[in-house]
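Notes follow once the structure below has been shown.
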Amino acid sequence: MGERKIIKTTCKSCHGGCGVLATVEDGVIVHIEGNPESPTSGTMCSKGLSSIQHVNHPDRLLYPQKRVGERGEGKWQRISWNEALDTIEQKMKESIAKHGATSIAVSQGTGRGYNEYTHRFARSIGTANIITPGYICHSPRLGLYGLVTGYGRLYCDYHGWGGEFPMTQISWAKQLEISSADGEMAVWFLNSLKHVKNLIVIDPRETALSSRATLWLQIRPGTDAALAMAMINVIINEGLIDKEFVEKWTYGFDKLRERVQEYTPERAAEITWLKAEDIVKAARLFAIDTPGCIQIGSSLERQANCGQTLRAIICLLGVTGNIERPGSMISWVPPDTGQREDFFTEIPITDEMRKGIVGSDKYKMGAARTAHSDSVIKQLLNGDSVVKVWFSVGGQQILHLANTKEVMQALKNLEFLIHADQFMGPMAEIADIVLPAAHWLEIDDIFDMHPRFMIEAHNRVVDPPGEAWQDSKIFNEIGKRIAPKYWFENVEKMLDYQLKKGNMTWKDFSKKVIHARMGKDQIYYKYKTDFWRKGGGFPTPSGKMELYSTVLENLGYDPLPYFQEPGESPVSTPELAKEYPLILSTGYRQPFYFLSQYRNIPWLRSFQKDPVMQIHPDTAKEYGIEDGDWAWIESPRGKIKQKARLFPGILKGMVMATANCFYPEMPAPLHGLLKSNPNVLTNNNHCDPMYGSPDLTCLLCKVYKAEDDK
Amino acid sequence: METHQWMINYTRQTEWIDRRGIFLWIAFYTGGLGGGLYLVSLYFNSLWGMLISWLIIAVIKGGTHLAYLGKPTRFWRIVTRPQTSWLARGFIFVMLFVIFGAIQLVLTYWQPGSAAEIVFKALGGIMAFAVALYTGIILKNMKGVPFWNSALLPILFVLCGILGGFGLSVAIALAGGDVNLSAAEMGSRILLVANALVIIIYLLQADHRETVGRQSVIEQLRGHSAPIFWIGIVALGIVIPLTIAFTSLYTEIASGLIIFGVACEIIGGLALRYNVLKVGAYKPLVAKPQ
Amino acid sequence: MRWGMVVDLSKCVRCYACLAACRIEHFLPMGINWPKLVAMDTGGDDPTVSTYSVRCNQCKDAPCVEVCPTGATQQREDGIVSIDQDKCVGCRYCVVACPYQNRTFLSKDKDQGFFPGIIQTDFEKAGKKLYKHQVGTTEKCNFCAERIDAGTAKGLKPGVDREATPACVNTCPARALTFGDLDDPNSEVSRLISEKKGFQLHPEYNTDPSVYFIDGKIGQSDEKKVDDEPQKELKAIGVGD
């Protein structure tokens, strides 16, 4: 037996955060398990554990490559990093000279602790055209929570550090336990269920938890705002509000009370397809048994009424006083190293940058720091694109943006596309330069994800294969060439810089693995202290929690929440519903895949080979579909096929399609992109006025049996 | 593995029939056939029959069993646990049959009528019976497969073996061997009728052994295994040989046709074992509430 | 002493971590899973979504032990049903005889490697040295007997000390799996079984499995309080400003 050592690191196979012990023998990872001394107590899920097959995968990209044939033809030539960086530098500088810095877009996948680099890079070269999936995942929440708490984050207090656990929990359009993201939080959430008195699950589909919950509201997709408003209605009209909090710490209660009067439980029941008495019951449970918290799912942010839906939910938290109280919703205080966002917010967005943000004229909340992706696509299609050069890291916009066919067309109109990835996926295939990226077991980096009360270290366990680089190094090297004053001699120096507020170097932190503010060090009831405002109060213009939002009012939005039908629904488009009678949601995720990732990892693929769409047995029968059949799902934009799974726990008249799927093993350049990806069906024309989020979870479709897929 | 499709519904036993499992099917059948033929040959005192049955068991059954094992070179380990394992017992029955049968064949050839010959005939007969019987007991004892849980199964397997034995005896007689043709034919007729009755009773009973037993029956009568059941077991295994056998009571029948009938019987026997193994399904691991 | 496991159906969220941890712990060939997930959804008036994380039940009265013709399958004193891979002839009698379908015959096609015909990964190469699997023999869950043996030799307690506890139990993010001594009335497993009415799968087989399942509601909602119309207080609430 050779040298055997155990390295402590942090998993990033989903958003990440679970502590890991990796055993290395003679330079080979022979074992992975959770780190029992981490906040996730040594647990790990199938995705993180299967990293063993990921790092060893024969299809990993090993070298920078440049396109030699037509775009998408699949002809590549290996080049050196120097050539790659030279070309990127030249193309970017050319574009900046010719069209200005905002002609460069930087895109990323879901935030996984490398956002700091994408944003810093973009800002350092003078553009804020950052394309992220944020507007359909988490950004609306951050922005709207930010109208309450300043820094924009509110988390369910699953920890009991203030002496209380949530008594009533609402899991709203969220399966934190399996939704394939937020692994660490799932562990805390599941643990907190030991202490819960009432669990309310709001989901059109039944889940393991909803089966055993106090109340399950099987809601019609896209109508959540009506439910939230009706719950507020009940709580106010039955006198169940948190009087002291509302009187002392909220602004605009009377106006809210007026607004919710139109949302009686009976009317909401009609809209949401729920029972009025269940809405009343949910409201009472949440208002009586406090403290309580609401775990929101990003499905709510994949709807064109997402802004006001979230506003309604925030007001629901407000009238019940479930802010900053132990066991409710908290904005955690970061550790002394500060917020990692400081790493890019220290470079402010200039007016010029702001003017250049695509979509900023329309989506004033969403396109303030980042671009509106769908507008970028539309501009590219129309030939009047601000964006000319696109640098893509860590995500495949071609898969996750709405209306795949348009996106494919649009990306072809780019002048230059650079993509960094670990594998050759559909996005890489249409790029001009592809850069090989490293896996989390191969990098030294700082991780922070949702909870924000801690940072964790990714410690390099093995070297990246071939010439693959970690994202931070890629950005640092390109950054040094274009905006040298913002970048660093090497990655370690850059990490040191990010830790300097905590008086730590990377080396110190690497050994420590975790640096957190937990337990008694956290501060509850910040509004009762000087934390946000001298003498107490919220960091808002009125100094109170704004049920009536003055910020939104100033931006020209409705300061009070309201419900709006989805762009396509049996109610809003009854004519269309005759041809496409079923509600389509594209939010189905499996716990062993992370968005578009891992379908090429044999262990994970073994759990489910083909993408599955769920449909109620009665609905399936109506359309002649049996369990296990391949079925076409068709919308006005196109059709895809997935394998039908008859599931009695799903709302009748609805189809839930697996999201973000492609087939890595299928031939380039598409890799089966158009076969099963539900974004072929989704619509990028109808977007949320605040954030620009398109309807992805509430559309219309029809289904019919497809020939067998051999 | 697609979780939801697995173990909730009707899940067939596959290990002993699919893919390499066909070796086991042939081994199971030839055990019955060889054992049955040996017993019939004892009745007729047919040296040819005994020799053929010995070859069937020693070569075909032994060979297919060996070929089926994952680690054939370790086959000798099988004898070590006869206390509880019917497979170990079966293996011992086969070994003893091969030894006793060989001695008996030699004695019958060189010293017919000697006391030793009779003793070894008796020993060989007991082992032949055991060989024909034990596979039925193995299946009968399988806890998770209701279709097999019947004391009729070993009886059926033995009867089927003896039926095959009579069939082969007829063939031996037609080939000019040492068997009384009309007695062999009469044996065939009786066994065919008995076999058909046992199959019907068996299916009727299995139909009431839990939902899965019923599904096994349905699978056989109407499902994927139905062609084998209706063509193999019913038509080839019973109707055709029975028609030929009863026609031969009244008129002279060409020996070619009789041989055809025997071949049908053999195919019917193979089909029977095949389907019994094929439709044996487990009770769902987790019962789905209706 | 008799090692046993309790699977909490109200906690399992179908994440497959138990399968993944087992694959790593035992360097399982690609085509094999020791634990398996049986997922079930029912409609009707009281619908449920349940996932049964199943694995060898280590039955006290194990059919596989009974039928094994070579003695390769044995029951240890601590109740674990073990297979001696060097003695197994691959007759698959046990595979067919296990009424819970928890045994798998390792055929050649189940051991083609992670990336057949392309590469053998470093992890697989290491596995060939660290954990021998024999094609042509039968495999199943052994409750991580290696961990239990190494741990107890150090004086650790399986089910309490991580080092001596099965890998799937350690990794379960939902904490749906509990391990311990069924013979010890004070162990966590015994407590759960008695308090939460633990049940075995197919008790009618009389095999006495060492794996129990429990189920239950989440929370202790006192619904009466909510269903009674709360006192209406519609008097205006003065709000600042």
What Kirkwood radius, in Å to one decimal, follows from the Cα pairs of segment A:262-365?
17.4 Å
Which of A:ALA226, B:VAL40, A:ILE601, positive extreme of dipole for the protein assembly as shown (C-beta unit charges):
B:VAL40
Please give the calculated 222 nm ellipticity per residue for chain C, where each DSSP H segment of at least 4 residues contributes -39500 (n - 2.57) and the sum is spread over every residue; nearest 500 deg cm²/dmol?
-5500 deg cm²/dmol
Sorted on mean Cβ neighbours within 10 Å (highest first), peptides A:578-591, B:24-37 come out as B:24-37, A:578-591
Space enclosed by the convex hull of the alpha-carbon atoms of segment A:554-710, per residue, Å³
144 Å³
Spin-label model distance (nm) - A:THR345 vs B:ASN141, 7 Å beyond Cα toward Cβ:
7.3 nm
Contact order normalised by length for segment B:200-290, with contacts defined as Cα pairs under 8 Å and 6 or more residues apart; what percent is it?
34 percent
Chain A: relative contact order as a whole-number percent, Cα under 8 Å and 6+ apart
19 percent
Which order, highest average first, do A:11-23, A:551-563, A:462-474 follow once you tally other Cβ atoms within 10 Å for each residue and take the mean per peptide?
A:11-23, A:462-474, A:551-563
Under 5 Å from the placed amide H of A:ASP242, counting only residues 5+ away or on other chains, we find A:THR320, A:GLY321
Eigenvalues of the alpha-carbon gyration tensor of chain A, times 5 and square-rooted, give semi-axes in Å, largest first, of 37, 31, 26
Which value, to two decimals, describes the C-alpha radius of gyration of segment A:217-280 once divided by 2.2 N^0.38 Å?
1.15
Label segment A:187-238 by shape, choosing from rounded, prolate and oblate, from the square roots a ≥ b ≥ c of the eigenvalues of the Cα gyration tensor; if a/c is under 1.5 it is rounded, and otherwise prolate applies when a/b is larger than b/c, oblate when it is not.
oblate
Could you point to the residue in A:PRO140, A:VAL387, B:PHE100 farthest towards the positive end of the protein assembly as shown's charge dipole, with +1 and -1 charges on the Cβ of Lys/Arg and Asp/Glu respectively?
B:PHE100
Going by a ≥ b ≥ c, the root eigenvalues of the Cα gyration tensor, does chain B fall in the rounded group (a/c under 1.5), the prolate group (a/b larger than b/c) or the oblate group?
oblate
Segment A:197-250 versus segment A:275-351: alpha-carbon centroid distance in Å
13 Å
Compute the long axis of helix B:115-140 from its Cα atoms, compare it with the longest principal axis of the Cα atoms of chain B, and write down the angle in degrees, 0 to 90, nearest 10.
10 degrees
Could you give me D for segment B:1-144, from Stokes-Einstein at 4 °C and 1.567 mPa s, where the hydrodynamic radius is the Kirkwood radius over C-alpha pairs? Units µm² s⁻¹, please.
79 µm²/s
Candidate lysines - alpha carbon under 16 Å from A:LYS643, same-chain residues fewer than 8 apart omitted:
A:LYS609, A:LYS621, A:LYS675, A:LYS702, A:LYS705, A:LYS710
May I ask you to derive the FRET efficiency for C:ASP84 and A:TRP632 from their Cβ-Cβ distance with R0 = 56 Å, giving the value to the nearest 0.05?
0.60
Helix-derived [θ] at 222 nm for chain A: sum -39500 (n - 2.57) over DSSP H runs of at least 4, divide by residue count, nearest 500?
-8500 deg cm²/dmol
With a 10 Å Cβ neighbour count serving as the proxy for reagent exposure, in which order, fewest first, do B:PHE229, A:PHE488 appear?
A:PHE488, B:PHE229
Taking the Cα centre of chain A as origin and charging only Cβ (+1 Lys, Arg; -1 Asp, Glu), how large is the dipole, in debye to the nearest 20?
540 debye
Treating only the Cβ of Lys, Arg, Asp and Glu as charged (+1, +1, -1, -1), what charge dipole size does the protein assembly as shown show about its Cα centre? Round to the nearest 20 debye.
1440 debye
Across A:276-287, the residue-averaged tally of Cβ atoms belonging to other chains within 10 Å stands at 2
Determine the dipole magnitude for segment C:3-215: charges of +1 sit on the beta-carbon of Lys and Arg, -1 on that of Asp and Glu, nothing else is charged, the reference point is the Cα centre, and the result goes in debye to the nearest 20.
680 debye
Long-range amide H contacts for A:MET654: which residues qualify at under 5 Å (H placed 1.01 Å from N, peptide plane, sequence gap of 5 or more or a different chain)?
A:ILE583, A:HIS616
Fewest first, what order do B:TRP16, A:TRP273 take by the number of other Cβ atoms within 10 Å?
A:TRP273, B:TRP16
If you average the alpha carbon positions of segment C:1-68 and of segment A:134-151, how far apart do those two centres end up, in angstrom?
40 Å
Hey, got the average number of other protein chain Cβ atoms within 10 angstrom for residues in A:241-250?
2
Counting only other chains, and only Cβ atoms inside 10 Å, what mean value do you get across the residues of A:202-211?
5
How high is the FRET efficiency between A:ARG354 and A:PHE423 when r is their beta carbon distance and R₀ equals 41 Å, given to the nearest 0.05?
0.70
Relative contact order of segment C:3-215, please, whole-number percent, based on alpha carbon pairs below 8 angstrom and at least 6 residues apart.
30 percent
Kindly provide the helix-only [θ] at 222 nm of chain B, computed as the sum of -39,500 (n - 2.57) over DSSP H runs of four or more divided by all residues, to the nearest 500 deg cm²/dmol?
-22000 deg cm²/dmol
Using +1 at the C-beta of Lys and Arg and -1 at the C-beta of Asp and Glu, which of A:HIS195, C:GLN200, A:MET329 has the Cα lying farthest in the positive direction of the dipole of the protein assembly as shown?
C:GLN200
Please grab the % of Cα pairs in segment B:1-86 that end up more than 22 Å from each other.
46 percent
For segment A:384-400 and segment A:537-556, what is the centre-to-centre distance using only Cα atoms, to the nearest Å?
34 Å
Rg over Rh of the protein assembly as shown, using C-alpha atoms and the Kirkwood radius, what does it come to?
1.05
Give me the Kirkwood hydrodynamic radius of chain C in Å, from all C-alpha pairs, to one decimal place?
20.1 Å
Please report A:ILE314, A:ILE130, A:ILE6 as a ranked list, fewest other C-beta atoms within 10 angstrom at the top and most at the bottom.
A:ILE6, A:ILE130, A:ILE314
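Bear in mind these aren't lab numbers, they're just calculated from the coordinates by the rules spelled out. This is a predicted model, so every value here is computed, not measured. Glycine also receives a Cβ, built like all others from the backbone with ideal geometry; neighbour counts cover every protein chain displayed.
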